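The values are calculated or read from the model by the stated rules, or taken from the named source; none is laboratory data. Keep in mind the model is a prediction, meaning the values are calculated, not measured. Cβ atoms come from the backbone with ideal geometry, glycine included; neighbour counts cover every protein chain shown. When the accessible area is computed, the model is the full protein with side chains, heavy atoms only, and any ligands, DNA or RNA have been set aside. Shrake-Rupley method; radii C 1.70, N 1.55, O 1.52, S 1.80 Å.
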Amino acid sequence: MTEEVTEAIEEVRGTFPAQQVEVRPSPDGGALVIVHGLDPGPAFTGPTWLGFTIPFNYPFSDVYPHFIRPDLGRRDGGPVLAEGMQATTWEGQPVIQLSRRSNRWRPATDTAAKKALKVLQWLQNRP
């Protein structure tokens, strides 16, 4: 992993200190990251995990997309998938993709940890 990716992982761990953070280095210098045991918000049955890839060219590239467990349910029994969400596969496994691209990613101030937190908050605020 590159030094920047390693630093990003440490920031993710600091942002989610109560959660297990799983890291798998990728051959190109990036890393696959999964934060376990997260609260998806009041609309959903939980907990969930949040997965994403920190690319080898981080911080000069957006950390996108993010994924959650495929069997997440809604408390009201309604469909989980809504705008910005789709069923797909990641690393060969079924997942729900959360599409929250940062069109104005700023390498000097945007981080993988901040992005993960923003995506989680977006999920937690879903009706």
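Summary table
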{"quantity": "Charge dipole of the chain about the Cα centre (unit charges at C-beta), most positive-ward option of Ala108, Pro127, Pro17", "calculated": "Pro127"}
{"quantity": "Apportionment of accessible area to carbon and sulfur, the chain, percent (1.4 Å)", "calculated": "51 percent"}
{"quantity": "Sparsely packed trypsin sites (Lys or Arg not before Pro) within region 1-101, loop by DSSP, other Cβ within 10 Å at most 12", "calculated": "Arg75, Arg101"}
{"quantity": "Value at 222 nm in deg cm²/dmol, rounded to 500, when DSSP H runs of n ≥ 4 in the chain each add -39,500 (n - 2.57)", "calculated": "-6500 deg cm²/dmol"}
{"quantity": "Low-density loop cleavage sites - chymotrypsin sites (Phe, Trp or Tyr not before Pro) in region 33-127, where at most 10 other Cβ are within 10 Å (DSSP)", "calculated": "Phe60"}
{"quantity": "Long-range tail of P(r) for the chain (Cα pairs > 23 Å, %)", "calculated": "28 percent"}
{"quantity": "Cα centroid separation - region 1-72 against region 75-104, whole Å", "calculated": "15 Å"}
{"quantity": "Average accessible area per residue (Å²) across the chain - probe 1.4 Å, nucleic acids and ligands excluded", "calculated": "54 Å²"}
{"quantity": "Relative contact order of the chain, defined on C-alpha pairs under 8 angstrom at six or more residues apart (%)", "calculated": "23 percent"}
{"quantity": "FRET E, pair Gln86, Glu11, Förster distance 41 Å, beta-carbon r, rounded to 0.05", "calculated": "0.90"}
{"quantity": "Estimated FRET transfer efficiency (Gln121, Gln93; beta-carbon r; R0 22 Å; 0.05)", "calculated": "0.35"}
{"quantity": "Total formal charge among the other residues, if their Cβ is under 13 angstrom from that of Val95, Lys/Arg +1 and Asp/Glu -1", "calculated": "-1"}
